[in-house]
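The values are calculated or read from the model by the stated rules, or taken from the named source; none is laboratory data. Values in this document were obtained by computation on a predicted structure and should not be read as measured data. Every residue, glycine as well, gets a Cβ built from its backbone with ideal geometry; the counts of neighbours run over all protein chains shown. Heavy atoms of the whole protein, side chains included, go into the accessibility calculation; ligands, DNA and RNA do not. Shrake-Rupley method; radii C 1.70, N 1.55, O 1.52, S 1.80 Å.
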Amino acid sequence: MLAKVRSGAVVGVDSVPVEIEVNAGGGDPKIIVVGLPDAAVKESSDRVWTALINSGFEPPRGRTTINLAPADIRKEGPVYDLPIALGMLVASGAIDGAALEGLAVIGELALSGEVRRVRGVLPLAVGARAAGCRGILVPPENAEEAAVVEGLSVFPVDTLRDAADFLTGGIEIAPMKLDPSQVFNDGWRIPEDFADVKGQEYAKRAIEVAVAGGHNLLAIGPPGTGKTMLARRVPSILPPMALDEALEVTKIHSIAGTLASHQPLVTARPFRAPHHTISDAGLLGGGTHPTPGEVSLAHHGVLFLDELPEFHRNVLEVLRQPLEDGTVTISRAVASLTFPCRFMLVAAMNPCPCGYYGDPQRDCRCSPLQIQRYRNRISGPLLDRIDLHIEVPAVRYDDLAGLARGEASGAIRERVVAARTVQQQRFRGSPGVHCNAMMRAKDVQHHARPDDEGAEVLKLAVSDLHLSARAYDRILKVSRTIADLEGSATVRAAHISEAIQYRTLDRQVWA
């Protein structure tokens, strides 16, 4: 008897429908899985066979062929255990195949018949709805995640026996109900606050400017000055995510397996801080069958690279294209996949290998050659893609011992949101541009042109500092953001001057 069960496969950040065909016939008892399965899918036959027996079912006798169609798309992971088991029950006559009409099925099976959580449930649920399914059977730990998809009934099943009884009418399972907007509004909480940061007013101002325009930022200073503490508070002043942004981020984290159990949505903007020993595949994504890397996990959030010169040179260089395009394409023999990675880069570094070059209180032990080699680990093209380079000096004792708290993140965020709102209105007619950092050349010419006095200041800076064309554009973009924070329609000399102050490495303040 031939049975058909609907499921899906994740390709990139989306999914495609997969139809599981199970045919039970005569011959020697044997299970054959075809349709480009990976090792985990091939092993499913043993898991499913044992789960059927331990759940009180009689597996099909004779030769059983399982086809995962379409056969030209690779099938990965244990997500097909439950649909294969139900297909075998239909093929053996234990379940009427009509009960599975309009339903998609995903889930891993334990040997006891328990249904375990799997990756990629959100994109699979979105794909099931797009394929015309009215409902989907999922592991209970993934039910909230799938219920985010509107117009699709989500049925959490604890065991294979429960799934079979539900399809035969033996038990009723209430569909999971979830209001995505309510979950989204209730879940937005960030514990870190800029009020906890003592001193560093210059750095906090620079971070506010960077966040307001979506600019990348590099903090330079001795150890212990608060660079990491400042970076970890950047998400607290980012504008709250919109629901569609949260869905995009949740899909990526679901595919990567970083979504917590029973977590329906990623509601706070991501903050990713990979160690400097990370490989280029770990940063961009990759593997034989590509999966999202850190740049994609930071989508719509912050990617923090601490000790920037300690990263391998090839790892830093592969960042250049994602920083420009907001996407990363990974090509392999089996597939070429594109993942989104629109993030804000925040990096930190010491001024020299020992960390104390330019520190008024401690002597630097590094030679000029060592300092030069240390800084040369970061290429010029990469630095040009970082809009703000700021100095973070040691905090004074009076600031550390003082009882006064700094300005709260909520107050800073209000100014950031106001500036972002102005930018969204400005770029309504420019597809793909949502903030000043994303401006194209023609947008810079139209929206960030300084007045006569500002143009003269910029001319002097370009000639004295020998700035590249990209650095020139970056200064104009940052100046536009500073003007937006001030509520000014015109980019003036004061805005240009402040933007130039945020180009520490170009100004060579330690030369």
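Of everything in segment 15-30, what is over 13 Å from ALA91 (Cα atoms) and in a strand (DSSP E or B)? Give them in sequence order.
SER15, VAL16, PRO17, VAL18, GLU19, LYS30
In segment 432-442, what residues are open to solvent by 30 Å² or more (accessible area, probe 1.4 Å), small (Gly, Ala, Ser) and either at negative phi or in contact with a Ser or Thr (Cβ under 8 Å, 6 or more places away or on another chain) (or both)?
The answer is ALA441, and nothing else.
From ALA411, ALA494, ALA483, which residue is outside any loop (DSSP other than H, G, I, E, B), aliphatic (A, V, I, L, M) and farther than 30 Å from ILE378 by Cβ?
Testing whether each residue is outside any loop (DSSP other than H, G, I, E, B), aliphatic (A, V, I, L, M) and farther than 30 Å from ILE378 by Cβ leaves just ALA411.
Would you mind telling me which numbered condition in (1) assigned to a loop (DSSP other than H, G, I, E, B); (2) touching a residue at least 24 places away in the same chain (Cβ under 8 Å) GLY429 fails?
Of (1) assigned to a loop (DSSP other than H, G, I, E, B); (2) touching a residue at least 24 places away in the same chain (Cβ under 8 Å), only one is false for GLY429: (2).
Just give me the residues in segment 400-431 being open to solvent by less than 50 Å² (accessible area, probe 1.4 Å), at pLDDT below 90 and more than 28 Å from GLY326 (Cβ to Cβ), in sequence order.
GLY402, GLY406
Restricting to segment 427-474, count the residues that are out of contact with any His (no Cβ under 6 Å at 6 or more places or on another chain) and closer than 22 Å to ALA210 by Cβ.
Going through segment 427-474 one residue at a time, the tally reaches 31.
Report the residue count in segment 125-138 for those that are under 22 Å from LEU111 (Cα atoms) and touching a residue at least 40 places away in the same chain (Cβ under 8 Å).
Selection size over segment 125-138: 1.
When you check ARG269 against the structure, is it among the basic types (Lys, Arg) and within 21 Å of ALA437 (Cα to Cα), yes or no?
Against the criterion (among the basic types (Lys, Arg) and within 21 Å of ALA437 (Cα to Cα)), ARG269 qualifies.
Look through ARG116, ARG63 and report the one residue that is at pLDDT 95 or above and basic (Lys, Arg).
Answer to the check: ARG116.
Report, by residue number, each residue of segment 124-145 that is crowded, with 24+ Cβ neighbours inside 10 Å and in contact with a Lys or Arg (Cβ under 7 Å, 6 or more places away or on another chain).
PRO139, ASN142
Could you say whether any residue in segment 77-84 is open to solvent by 40 Å² or more (accessible area, probe 1.4 Å), within 26 Å of ALA335 (Cβ to Cβ), assigned to a helix (DSSP H, G or I) and charged (D, E, K, R)?
no
Out of everything in segment 24-48 that is open to solvent by 90 Å² or more (accessible area, probe 1.4 Å) and over 34 Å from the mean Cα position of the chain (by Cα), what residue ends up being farthest from GLY113 (Cα to Cα)?
The qualifying residue farthest from GLY113 (Cα to Cα) is ASP28.
Give the number of residues within segment 106-123 that are open to solvent by 10 Å² or more (accessible area, probe 1.4 Å) and within 17 Å of ILE84 (Cα to Cα).
Summing the residues that are open to solvent by 10 Å² or more (accessible area, probe 1.4 Å) and within 17 Å of ILE84 (Cα to Cα) in segment 106-123 gives 7.
Of all residues being over 20 Å from VAL462 (Cα atoms) and touching a helix residue (DSSP H, G or I) at 6+ places or on another chain (Cβ under 7 Å) in segment 376-394, which is most open to solvent (accessible area, probe 1.4 Å)? Just the residue, please.
Out of the qualifying residues, it is ARG377.
Based on what the data block shows, is ILE66 within 21 Å of ILE255 (Cα to Cα), of a type in the set (Val, Ile, Thr), open to solvent by less than 50 Å² (accessible area, probe 1.4 Å) and in contact (Cβ under 8 Å) with a residue 40 or more places away in the chain?
no
Go through segment 240-267 residue by residue and tally those that are buried (at least 19 other Cβ atoms within 10 Å of the Cβ) and within 30 Å of GLU201 (Cα to Cα).
Residues flagged as buried (at least 19 other Cβ atoms within 10 Å of the Cβ) and within 30 Å of GLU201 (Cα to Cα) within segment 240-267 amount to 2.
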